[in-house]
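Trainee: Attaching a single structure in structure tokens format; questions to follow.
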């Protein structure tokens, strides 16, 4: 009997269906004792792999937040663990620690608890020093990385139509208007590999799939070459040197200028 208090909701996009088998395989290997139901939100009535307990077809002609909002309306649980289809779990998940995080969120007024490695938290969470807290007014206060969400809180944050990138950039600041805290575990519970970036396989994704025996059809999706990987490495270096607040402010300023033309 699955624990219905918190389904795992995988936001999927049908043109990325070549990733779904690999995602499920890694989840079943590294989180085999998962007690929570696994729900996938597809665009249309796409076929899904075995291991998924429920499918929600949201429709595809809408923004990412609109699809997520619609999927959340189909779920009556107080919490959801949100994951993306291209983030493959690559290390063992401690089911007991996930449950402890859920109980902490039930006890306190927490909107968002990130379960992965992150160094961007700003202070110790007063409710439990094993967690860090994202303070108001900072970039990436919320994220699309694996996290437990208060469902009602996430419904409020997804009322405006936007893509997943703008959700992280813009709604991180808009979340300041709500009383809920945003926290993260200091010791990661879910480790993952970002397998696809800009529609192509990352070198880390290819390496993981080789290790796990997950077949890749490069006719469906190409992999990034040397030049693309070099640019990515430079961008990561700049990001860590300048910091997320500065980089995000520049991105928002640039996008506002484009929209005003």
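The values are calculated or read from the model by the stated rules, or taken from the named source; none is laboratory data. Only a predicted model underlies this, so the values are computations on that prediction, with no experimental measurement involved. Note that each Cβ is placed from the backbone with ideal geometry, even for glycine, and that neighbours are counted across all protein chains shown.
Trainee: Is at least one residue of region 217-227 surrounded by 15 or more Cβ atoms within 10 Å (Cβ to Cβ) and either more than 22 Å from residue 13 (Cα to Cα) or out of contact with any helix residue (DSSP H, G or I) (no Cβ under 9 Å at 6 or more places or on another chain) (or both)?
Mentor: Within region 217-227, none of the residues are surrounded by 15 or more Cβ atoms within 10 Å (Cβ to Cβ) and either more than 22 Å from residue 13 (Cα to Cα) or out of contact with any helix residue (DSSP H, G or I) (no Cβ under 9 Å at 6 or more places or on another chain) (or both).
Trainee: Looking at 196, 206, can you tell me which residue is touching a strand residue (DSSP E or B) at 6+ places or on another chain (Cβ under 6 Å) and within 14 Å of residue 221 (Cβ to Cβ)?
Mentor: Exactly one residue qualifies, and that residue is 206.
Trainee: Consider region 76-100. How many of its residues are more than 20 Å from residue 183 (Cα to Cα) and surrounded by fewer than 20 Cβ atoms within 10 Å (Cβ to Cβ)?
Mentor: 5
Trainee: Let me ask something else about it. Of all residues in region 36-45, count the ones that are modelled with pLDDT under 95 and more than 20 Å from residue 65 (Cβ to Cβ).
Mentor: Narrowing region 36-45 to residues modelled with pLDDT under 95: 44-45.
This time we only want the ones that are more than 20 Å from residue 65 (Cβ to Cβ), so: 45.
Count: 1.
Trainee: Okay, moving on. Any idea which residue in region 101-126 is farthest from residue 179 (Cα to Cα), counting only those that are assigned to a loop (DSSP other than H, G, I, E, B) and without any contact (Cβ under 8 Å) to a residue 24 or more places away in the chain?
Mentor: 119
Trainee: In region 41-88, what count of residues is obtained for those that are in contact (Cβ under 8 Å) with a residue 60 or more places away in the chain and assigned to a helix (DSSP H, G or I)? Explain how you work it out, then say what you get.
Mentor: Going through region 41-88, the residues in contact (Cβ under 8 Å) with a residue 60 or more places away in the chain turn out to be 62-66, 68-69, 71-73, 75, 77-88.
From what is left, the residues that are assigned to a helix (DSSP H, G or I) are 64-66, 68-69, 71-73.
So the count comes out to 8.
Trainee: Oh, and also: Among the candidates 159, 204, which residue alone is at pLDDT 95 or above, at negative phi and in a helix (DSSP H, G or I)?
Mentor: Every option except 204 fails the conditions.
Trainee: For region 1-18, which residues satisfy the criterion of being touching a helix residue (DSSP H, G or I) at 6+ places or on another chain (Cβ under 9 Å) and either under 23 Å from residue 62 (Cα atoms) or surrounded by fewer than 22 Cβ atoms within 10 Å (Cβ to Cβ) (or both)?
Mentor: Residues of region 1-18 touching a helix residue (DSSP H, G or I) at 6+ places or on another chain (Cβ under 9 Å): 3, 5-6, 8-13.
The answer is 3, 5, 8, 9, 10, 11, 12, 13.
Trainee: Could you figure out which of (1) farther than 23 Å from residue 195 by Cβ; (2) surrounded by 15 or more Cβ atoms within 10 Å (Cβ to Cβ) isn't true of residue 59?
Mentor: Result: residue 59 passes all but (2).
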